Amino acid sequence: MKKSISAIILIGLAVIGLKSKANPIIEDQKITLIDSIKKVVIDPVCKMKVKAGASKNVVYNKVTYYFCSEGCKQKFAAEPGKYIKK
C-alpha cells in the first residue's frame, strides 16, 4: 500500500515537473488580418486614390498595381517604367 501511494506521488511530481518545463500555450493571441479591400492605394498613372481590391490591376516585378480605370491600366501596361518611382 505504501509503495503504491509513493508511486502515485512520484508520478504526480514528475507530471508537475514536466508541465513547468513545457512551452506555455498562448490562448489570448490576437491575429491581425489586413483587409486589402479597405486599404487605399494611389493609381500610379493619374495619382487618384483607389481601393486596393480594385479589379483593374497589373502585376509588374512581383508588385500589384491598382488603377482607377481601364485606360490608366492600359497606359501603365504599355510603359510601366515611366510610372514607377525609382
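The values are calculated or read from the model by the stated rules, or taken from the named source; none is laboratory data. The shown structure was predicted, so the numbers you read here are calculated from the model rather than taken from an experiment. Neighbour counts run over all protein chains shown; Cβ positions are idealised from the backbone, glycine included.
See the values below:
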read-out	value
2 or more residues small (Gly, Ala, Ser) and at pLDDT 75 or above: qualifying helices (runs of 4 or more DSSP H) within the chain	2-21, 70-78
Scan of region 58-86 for residues that are aromatic (Phe, Trp, Tyr) and over 17 Å from residue 40 (Cα atoms), ordered by number	60, 76, 83
Pair list, Cβ under 9 Å, 6 or more apart: region 53-81 residue at positive phi, other residue surrounded by fewer than 16 Cβ atoms within 10 Å (Cβ to Cβ) and part of a loop (DSSP other than H, G, I, E, B)	61/84
